[in-house]
Structures are given as C-alpha cells and as structure tokens.
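Scroll down for the structure; my scribbles are underneath it.
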2 protein chains.
Amino acid sequence: MPLKNTGTEQHIKDTAKRLLFAEGKLHATTQEIADAAGVNRTSLHYYFRSRDQLIAAIFHDAMHDLSQRLNTCMTAGQPFKAKTENIIAVFLRHMIAFPYQETFLVTEINTLGQQLMSDIHSEPVMSYLKEAADEMEKGTITKMNPAHFLMNLFSLLSYPLIMAPLYEQLFGVSGEEFKALIDERGRVIMGLLFKK
Amino acid sequence: MPLKNTGTEQHIKDTAKRLLFAEGKLHATTQEIADAAGVNRTSLHYYFRSRDQLIAAIFHDAMHDLSQRLNTCMTAGQPFKAKTENIIAVFLRHMIAFPYQETFLVTEINTLGQQLMSDIHSEPVMSYLKEAADEMEKGTITKMNPAHFLMNLFSLLSYPLIMAPLYEQLFGVSGEEFKALIDERGRVIMGLLFKK
DNA sequence: TTTTATTTTAACAATTTTGTCTAACAAAAA
DNA sequence: TTTTTGTTAGACAAAATTGTTAAAATAAAA
C-alpha cells in the first residue's frame, strides 16, 4: 500500500530548515518546530524518531543541495568571469534565504559527526580554483593562493548577511535600507575581485 | 570585610567565554561550563544566580571590549592606510582567539535583548567611514558606499576563521596548513581593499 | 583561639525537553 | 463493510538541565 504522503514529512523538514537556517533559532526545541509547522509534536517523532535524526535529515538534504549547487556553477561551460558572476548571483540568492546554514553546520559539526561534510566533493571546486590560477597568470585577477580567492568570494557574500542585525545597528539603518545595500553587493564584490 | 576574591568569578567568565566564543559550543550547559572551569556547578549560581545572567555578563564584557577596540583603532592618529593595517592586525588577532563571538551575538540577540548592542557607539565607526570616503575621493580606494568598505573589511577577516573546519575539508588541508593560509590574510586583504 | 564573612560542596527540587505507548482516526484494499 | 495500513493525538515516562537550600570548609580579623 502506498503512503498517504500528504507532504507532512517534507513540511516538517522545510519548517525546521526555516527556523534553523533562515531565522537562526539555533536551539529550537521539538515543540517549537512542531508548533511552527502546525503539527503535533508526536508527528515529528513518527517521521524522524528523534530530534537528532530530524536535524541530521535536514542537514543531509542541505549538504546535498550545496554540493549540487557548487557542482553546477563551477563546472558550467562559461568563461571564468561570467562563471563567477553566476556563482555570486546563485549563492547570494541562497544565502539571503538561509544565512545561518553554514554557521549552523560549523557549530554543530562536533555533534553531527564529520561524515556529513564528506558529501561535499571537492573536484569541481578544485577545477574552479585551477581556472582562477590561470586568470592570475593572465593578469585579470591579482595573484594569490587560489584558496584565498575562493575564501574572499564567499566571505564577501555571506558575512554581511549573517551579521545583518549588527550592521543595521552600527550603521543606524533600517532593515529595508540594509536590504538595498545587500542588493548592491554583487557589483561591489565583482569590482573587488577583478582588476579593471 | 573584603571579599576573598580568589579570582573564581573571573575564571568562570573566562572559561564560559572560551567555550562559547572560541570553541563555538553554542549550547554549553552549566555543567559543561563548570566542568571546564574545574569548579562545582553551584559556584556558577553563587556568582551569577542563573545561566542567563552568566551569559549576559560575558556578553556585556565582550561588547565593552569590542567597543573599546573599535574606538581605539578607529580614532588613532594615523593615516588611513596605516590605521586600516592596524585594524586588520588587532581584529585578526582577536578573531583568531574568539571566532564565534559575533556569530553567537547575532544568534542570541533575540534572547538577550537588543540593549546589549547599544554598547557599541557608532561615532568612531562613522568617523572612520568618513575617512574612507575621503580616500575614495583621492582615488586610493575604489569608490563605493563606505558601508561596503567596512563590511568588506570585516567579512574578509572573520568569515574564513568561522568556517575553518569547512574550508579545511574543501581544500583538503590540515589545521596547520590552514593556519598558514590565515597568516597570509592580512596581506591579501590589504591588496584587495587598496589600489596599487 | 574564636569569630565572622566568604566560598565551596552535596543533596535535593523544579522545570524543561525529549521520547514512548496506546488509542483514536482516516483512507484505501479486500 | 470489514480489514489493513498509515497517520495523528493525548497521556505518560524518562532524561537532561537548571535552580535552591542548608551545611561544611576556608581564611582573614578580632
């Protein structure tokens, strides 16, 4: 007999993902997750047995998605600069939606066991780094260890989003005004990474 | 009669600070903190009444330190470029020691109440941003909203440290090798932020 | 040495959070 | 319809975490 499959399981995962990765509620309880999803807490145990396994499930999904995204972007058949612009667009969109995903991963890494990280395959990244090195030879970007180039890219993308509440206070701007700043970042980042 | 003041209170704060801000143990229990400090858990309550108040205490200290550091660096009587080099050195040192401090602040901000953030006074930052704008006029740095310049600076400094475990996996390097990469970052960041 | 204030400890209580069990319910298959 | 399978809900149990109390230990002051 087929499962009824009313989508509750996926709905719980989506809700947990939102609480943890989007809203940064790092220690959301099973009750909070259930409430947010509008289901009884028991359903959570029915589908995932335990809180840990729910967390593990959404992490596994998230890592799989991330790996896919990296793979697709970095092995696309485009010139390096266009490829990088695309990476910025794709990852900026994702990081606006889920700014705390990577932070969560890192801070939970001890709890979760590191094998989750092995979902990320490094070959596409390595080939992108190789292309970056070629560009440095050509002189379109400043010479450095390509690892720095990649860290620079993701730093410039992610950090302002994670720290948004802090920066809104520091600059004395509203959420709306800050959003406008973020919209400019793609252009700013390209300007920094590539020589004129 | 004066307090004995054997330094236990400060020792507990230092230990909690290390667990939360340095090791990223975001939900360290009172027991874990007490164990790490080598004291009975009750001492924790004796000095701070509750877990929340302990957290609030270390946050208050941390915000105060941060505010001082910003103030000192940003109002120092130096040319802009030298000042920025100093900021990088000072903050890199601090962020190597306590990479999770800001992340923790942001994710706990709902719990802690936002008045803690008002400890950061924005005047020194604003005056630094003004100087950055002047430099853009002079042409030593690329023209942009000065807020971007500051976000770029702190992004490039902090993010790689927060994500160290991730990058070690991604690049397939050891902790030692990654540390060597981090040591290069000051130079890399200056190269990005300032025109040749 | 006795006193006194402070600090630390052990035992216990309260609360929060997680997990289990059983029964009720719903929908498709027999 | 009855049975079977899958899903949801309520009540309860267990575990983890926090908080309290009272007593013991410590060290300086009287």
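The values are calculated or read from the model by the stated rules, or taken from the named source; none is laboratory data. From a predicted model like this one, the values you see are computed outputs, not experimental measurements. Cβ coordinates were reconstructed from backbone atoms using ideal geometry, including for glycine residues, and neighbour counts include every protein chain displayed. Each accessible area value is taken on the protein alone, full model and side chains, heavy atoms only, with ligands, DNA and RNA left out. Shrake-Rupley method; radii C 1.70, N 1.55, O 1.52, S 1.80 Å.
Annotations for the structure displayed:
- All other residues whose Cβ lies under 10 angstrom from that of B:Phe194 are scored, Lys and Arg at +1 and Asp and Glu at -1, for a net of +1.
- Translational D in µm²/s for the protein assembly as shown (Stokes-Einstein at 25 °C, 0.890 mPa s, Kirkwood Rh from C-alpha pairs): 108
- The range B:75-102 and the range B:35-72 have Cα centres spaced 23 Å apart.
- Relative contact order of the range A:1-49, defined on C-alpha pairs under 8 angstrom at six or more residues apart (%): 31
- Normalised contact order of the range A:1-100, rounded percent, pairs of Cα under 8 Å and 6 or more residues apart: 32
- For chain A, hydrophobic long helices are taken as DSSP H runs at least 20 Å long by C-alpha position along their axis with mean Kyte-Doolittle hydropathy of 0.0 or more; these are A:80-97, A:146-162, A:175-193.
- Per-residue shielding of B:164-171, expressed as the average number of other chain Cβ atoms within 10 Å of the residue Cβ, stands at 6.
- Average Cα contact separation per residue, chain A, under 8 Å, 6 or more apart, as relative contact order %: 21
- What the Cβ-Cβ distance of A:Ala133 and B:Glu176 gives, at R0 = 30 Å and to the nearest 0.05, is a FRET efficiency of 0.85.
- Ascending list, in nanometres, of distances separating the A:Gly139 label from those of the other copies (7 Å, Cα toward Cβ): 2.0
- For the residues of A:93-104, the average number of beta carbons from a partner chain within 10 Å of their own beta carbon is 2.
- Label 7 Å beyond Cα on the Cβ vector: B:Gly38 copy-to-copy distances, nm: 5.5
- Across the identical copies, how the A:Phe194 labels are spaced - nm, sorted shortest first, 7 Å along Cα→Cβ: 2.6
- Accessible surface of B:Ile109 - all protein chains present, 1.4 Å probe, nearest 10 Å²: 10
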